[in-house]
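We did not get these values from a lab; they are worked out from the coordinates using the rules stated. These figures come from a predicted structure and were not determined experimentally. Please note: Cβ atoms are built from the backbone with ideal geometry, for glycine as well, and neighbour counts cover all protein chains shown.
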Amino acid sequence: MTNLPSATEKKLGLAIDLDTCVGCHACVISCKEWNTSNYGAPLSDVDAYGASPVGTFLNRVHTFEIKADNRPAQTLHFPKSCLHCEDAPCVTVCPTGASYKRTQDGIVLVNEDDCMGCGLCAWACPYGAREMDAEAGIMKKCTLCVDRIYNENIPEEDRVPSCVRTCPAGARHFGDFADPDSNVSRLSAERGGVELMAAQKTRPVNRYLPPRPKADVTGDGQIDIPNPFLEAKNQTAKGFLGWLDKALEKI
Amino acid sequence: MSLSSQPQLDTSPDVSDEIRHTTCYMCACRCGINVHMKNGKVKYIEGNKDHPVNKGVLCAKGSAGIMQHYSPARLKAPMKRVGPRGSGQFEEISWEEAMETAVSWLAPLRKEAPEKLAFFTGRDQSQSMTGWWAQAYGTPNYAAHGGFCSVNMAAAGIYTMGGAFWEFGAPDWEHTRLFMIFGVAEDHDSNPIKMGIGRLKERGAKIIGVNPIRSGYNAVADEWVGITPGTDGLFILAIIHELLKAGKVDLDYLVRYTNAPFLVNDDPESKDYGLFLRGRNNKPQVMDRKTGKPVAFDRKGVTPDLVKTHKAKGSTWRPVFQLLAEKYLSEENAAENVAGRCGVSADTIRRIAAELAHVAFEEEITIDQPWTDWKGQKHDKMIGRPVSFHAMRGISAHSNGFQTCRALHMLQILLGSVEVPGGFRFKPTYPKPVEAHPAPHCKVTPGAPLDGPHLGYPRGPEDLCLAEDGSAARIDKAFTWDNPLSAHGMMHMVISNAHAGDPYKIDTLFMYMANMSWNSSMNSAGVMQMLTDRDESGEYVIPRIIYSDAYSSEMVAYADLILPDTTYLERHDCISLLDRPICEADAVADSIRWPVVEPDRDVRCFQSVLIELGARLGLPGMVNEDGSPTYKDYADYIQNHERRPGVGPLAGFRGKDGTGKGRGEPNPNQIQAYIDNGGFWIDHIPPEAAYYKPWNAAYQDWAVERGLYDKPQPYLFQLYVEPLARFQRAARGHGDIQPPEHLRQHILENMEPLPSWRPPFEDTAVDTEEYPFHALTQRPAAMYHSWGSQNAWLRQIHGANPLYVSGEIFARYGFKDGDWAWVTSRHGRIKVPVVRMDALNANTVWTWNAIGKRAGAWALDEKAPEATRGFLLNHLISELLPPKKDGMRWSNSDPVTGQAAWFDLRVKIERADPGNGVSQPHAPTQKSPVGQGPDTIAYGGDLK
């Protein structure tokens, strides 16, 4: 049993815009390539070229369909990684103290030296956000690129998680949710940022910005112009030429 | 653990020893990348923030470049085939033996019959160089893969307005307020479209996605139009009908910048029916509203009329716009009359037309930027119509694709939204009208170069590539009466035609980066057969095959001689203005690749091999007078070759002092200058030249200064494409160059100078009640070219491809989760796993493109899901239309450009016994010349 801090100085996390995510997996692979050669053990790929490849990924994109009766179905791309919960059950369940939540910024990390690979934390996480590395026998998870965001060896503008830096659509935002004026706090407030599975009471830090309503699904056309249909000026080709002649006089 | 004793982390570890800036090649997007090197190995690849294409972002493919570079599927050395074709049995040989073998095949051919070499390059980003080589060799048989990709979009764009989408231009992402994207999953451009969509979302602009499949971009679109495949043209023409009916077109724009006022012969009895009225200097004439007389279109002070009919030379002549209005105002284009076929309600069509009109005309934007037009008239501001469009392969890859793409370009023009703020903007070297492009050339002289560039834009029948007897001059039959405007060639027909000896037999097939025995061909199983068939004497029907690839692809097994290429991190390249540049709407730009890692094996950059081969063959331009090679390698060519005096492959840092922009003599330190500048060169367009490029005097002058062309070339958009009318004129029996009888009607129907919609050929060739469904492919964003399957990371995202079946079809046939289906077309039958998808046109099934792999290829286990459950839709698609009892082989292609009609496919479906869980057909395992990949990877543990 490991203790959680009662509060952290910062609450670093991600605001992920589900209205913008096109499901391209750029974040998935950028995460993999940064983290396989940085913090902790590499992210292995077992049976990499075989029948059942199993690799460790700290971030994955899931795709869902949403279908209501008599409405067109929607497709939703849903990137998922550790949400750095304030009441992180993965930390409190850890028997060795390897899982911990940093007091200074709230990042949930695994101290790999102390991890014995029991997997209890993955069971405890309601989001399925942790993955046991099959080669190293160590639990891996999103570090929020703790080795990037403070890293003085990279340009200041690049001190964001690898997934955020690479996202082509700009659907991923990184910042401090403890600061109400931060980019992520403001975005979350404006867009009604959602706490994923709030009923689990894990108090996740990350927020998902919900998709805006789709015109074809709501069925109202979402049209905000005064006249939704054009007024026909000319029902016939001849009538059109008369109109055209007059219109040309005006230009 | 107590909170006070939390681990002390090193949060500033060293990232890398060095960053090397080069250009990605994981797809065709050509993003700038920072390659972080550690201990001499590639540690991390990220987007280059300064780069004009991707501005720092990078997609999944780009980030997975490490796994591509260290792939076990990389070829190791030159090889010659030692087993039967297709078996994959090879023996490694030296480069000297490989080069001498190639020379011993190619030198005699050049002397006697250069056309017996067919040289086709697939995903080639060096076409200005490979084309130059083929021209010097003297064969007419050269092209890259455009014919089976998106030539309809490119050719329709060039003929209509001097450019199309992607490399030709892009939406004005910063100003557009309504964006419509047709038929695009992951496609060119890859990252810029995602970045653009992100910008639109930030600004609250509306996105409408028109696509049978709601994936990717369509998933985030504010409105999805799940159109029936092949009906986009109908849908667009109905929007045009609504706009015309309401008078919502930009008349001022049409009068100034298009051929809307040009007078067209409207007398069907006249031999010049359909052609423009021309005056002195052969200039098209328009009616002047002030005088009521016809004058040259570009006369100063003319006020062109769009209404008046004119009588002259015994015929009636009518303005283009009058013909256009009459055609599209006709009731057959009314929303009600197309709704059923499009699968889109009439109300939706009308509402979208109204939204386009509203945003274009009621939300007009202006930029306070004076500019001067080509006639010298000054304008005090730039007026924008903030609607924009993008489309690529989805609407192109149909047999009605050319005219559909034309219709889309016409819609943009009628709205006045091309090259204005908020609309569609060209990227230099475009805009470039037909007149600025060469016509195709095909005249063969043994032992000498071809008479000019292979590919181009025919102006009329005189530019076709025909032999004296009227038969096709090219092996792919490009630029023939069957498909006169095949501007990118027809690579998909090469093997089929060579096998049939139609129009003639060839000796050597030489290909680069084209997986023709697998996912890049229609009728893959048939192609494998053609490549292995032998004639009566026991020789292969296609006698010799040379192939270059970096990886152990399916095509490797079918070659006799393998020239192994490097990976993209080991080579020089130029993304050249002479070719398919990376420019932005606001800037001219080009870039390089350079060896950020040295090859660790006996492989060579293909272009360097080609240059050496050219020197050994003594090709003009590649050998000096003393017989020594002109260029040491590709890098030497990139830096020193001049296409015109002062204009070479790279536009930046020219001249001895490296200050030349676009023009200047070769600079011996040019490549180093690119490396020092982050791998690219960029030069911004002045603000007064930023819009109205075809008619903007400042832009025209700037383009000449930069060497994009040699004199200003302002031009008008061609709503009416006269070159098409010239082919129709011939089909009516006029002129010296006449089509064969069996194609007269075909030409008249398909070469209409104003776009029309016809059903896809397959719809008329098969019983659509027997084959009720449409079958498509899409490219997955994480793996959109076929080289990704050996990539350990990417294949965990897309390792197998089910057939996605619409909810309606799924329910009707009683499918359940985990079921398999037989899918049958007129051509073939496949057994595949199915998955239900509701966000899909009700009559459509689809799968991811190029995921299925042949067992033994790509260094994968033969039990890999790509080779077991994975499958190709290609087996269902024939390269030919069903026989018409006339003895002819009719290509399954667009009748105007010859573009492969992949998406015309009609199928039927039934439940199948899953059996052994292996998709059918299942080609036998090919022996891997590179062995199989390792069991486990844990990359980067040694790079911390």
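Some observations on this one:
- When the convex hull of its Cα atoms is projected in every direction, mean area for the protein assembly as shown (nm²): 44.9
- Amide proton proximity set for B:HIS21, modelled H, under 5 Å, gap of 5+: B:VAL35
- Debye intensity ratio in log₁₀ form over the Cα atoms of the stretch A:127-174, taken at each q of 0.19, 0.30, 0.33 Å⁻¹: -0.74, -1.03, -1.12
- Distance distribution note for chain B: the fraction of Cα pairs above 56 angstrom is 9%.
- Kirkwood Rh, Cα atoms: Rg over Rh of the stretch B:449-552: 0.99
- In units of the rule-of-thumb radius 2.2 N^0.38 Å, the stretch B:765-912 shows an alpha carbon radius of gyration of 1.10.
- When you filter the chymotrypsin sites (Phe, Trp or Tyr not before Pro) in the stretch B:752-828 for DSSP loop state and at most 16 other Cβ atoms inside 10 Å of their Cβ, you are left with B:TYR813.
- Per residue, the convex hull spanned by the alpha carbons of the stretch B:478-527 comes to 92 Å³.
- For the stretch A:12-218, the Kirkwood estimate of the hydrodynamic radius, built from every pair of different alpha carbons, is 17.9 Å.
- Near-label residues of the stretch B:597-620 by backbone N, under 20 Å of a point 7 Å along Cα→Cβ of B:ALA107: B:609-620
- Note on B:ASP368/B:ASP701: beta-carbon distance plugged into 1/(1 + (r/R0)^6) with R0 of 30 Å gives a FRET efficiency of 0.85.
- Rounded to the nearest 10 degrees, the angle from helix B:606-616 to the longest Cα principal axis of chain B is 90 degrees.
- For the stretch B:224-231, 3J(HN,Hα) computed residue by residue from phi via the Karplus equation (6.51, -1.76, 1.60; θ = phi - 60°) reads 10, 10, x, 5, 6, x, x, 10 Hz, glycine and proline entered as x.
- Efficiency of FRET between B:VAL835 and B:THR764 - r from beta-carbon atoms, R0 30 angstrom, step 0.05: 0.45
- Remark: the B:SER330-B:GLU462 segment gains 44.1 nm on full extension, using 0.36 nm per residue and subtracting the alpha carbon distance.
- Trypsin sites (Lys or Arg not before Pro) within the stretch B:281-330: DSSP coil, no more than 13 neighbouring Cβ in 10 Å: B:LYS290, B:LYS300, B:LYS313
- Translational diffusion of the stretch A:22-92, µm² s⁻¹ [Kirkwood Rh, Cα pairs; Stokes-Einstein; 4 °C; 1.567 mPa s]: 87
- Share, in percent, of DSSP beta bridges within the protein assembly as shown that are antiparallel, nearest 5: 70
- Counting, for every residue in B:271-282, the Cβ atoms of other protein chains within 10 Å of its Cβ and taking the mean gives 0.
- Estimated [θ] at 222 nm from DSSP helical runs (n ≥ 4, -39500 (n - 2.57)) normalised by residues in the protein assembly as shown, nearest 500: -6000 deg cm²/dmol
- Taking amide H as placed 1.01 Å from N in the peptide plane, the amide H of A:LYS140 sits under 5 Å from that of A:GLU131, A:MET132, A:ASP133, each at least 5 places away or on another chain.
- Kirkwood-based Rg to Rh ratio, the stretch B:235-367, C-alpha trace: 1.06
- Across the stretch A:200-212, coupling constants 3J(HN,Hα) worked out from phi with the 6.51/-1.76/1.60 Karplus curve, θ = phi - 60°, read 6, 6, 8, 6, x, 7, 4, 10, 9, 8, x, x, 6 Hz, and Gly and Pro carry x.
- Of all DSSP beta bridges confined to the stretch B:765-912, the antiparallel ones make up roughly 65%.
- Kirkwood Rh and Cα Rg combined as Rg over Rh, evaluated for the stretch B:132-278: 1.04
- Packing, as the average of other Cβ atoms within 10 Å across residues, places the peptides B:879-886, B:230-237, B:545-552 in the order B:230-237, B:545-552, B:879-886, highest first.
- For the peptides A:22-29, B:197-204, the ranking by packing is A:22-29, B:197-204, with the highest mean count of neighbouring Cβ atoms within 10 Å listed first.
- For peptide B:837-843, the mean count of partner chain Cβ atoms within 10 Å of a residue's Cβ comes to 3.
- For peptides A:155-166, B:215-226, B:363-374, sequence by mean Cβ density within 10 Å, most packed first: B:215-226, A:155-166, B:363-374
- D by Stokes-Einstein for the stretch A:124-251, Kirkwood Rh over Cα pairs, 20 °C, 1.002 mPa s: 105 µm²/s.
- Stokes-Einstein diffusion coefficient of the stretch B:164-431, Kirkwood radius over Cα pairs, 20 °C, 1.002 mPa s, in µm²/s: 109
- Rounded to whole Hz, the Karplus (6.51, -1.76, 1.60) HN-Hα couplings of the stretch B:145-152, x for glycine and proline: 8, x, x, 9, 10, 9, 5, 4
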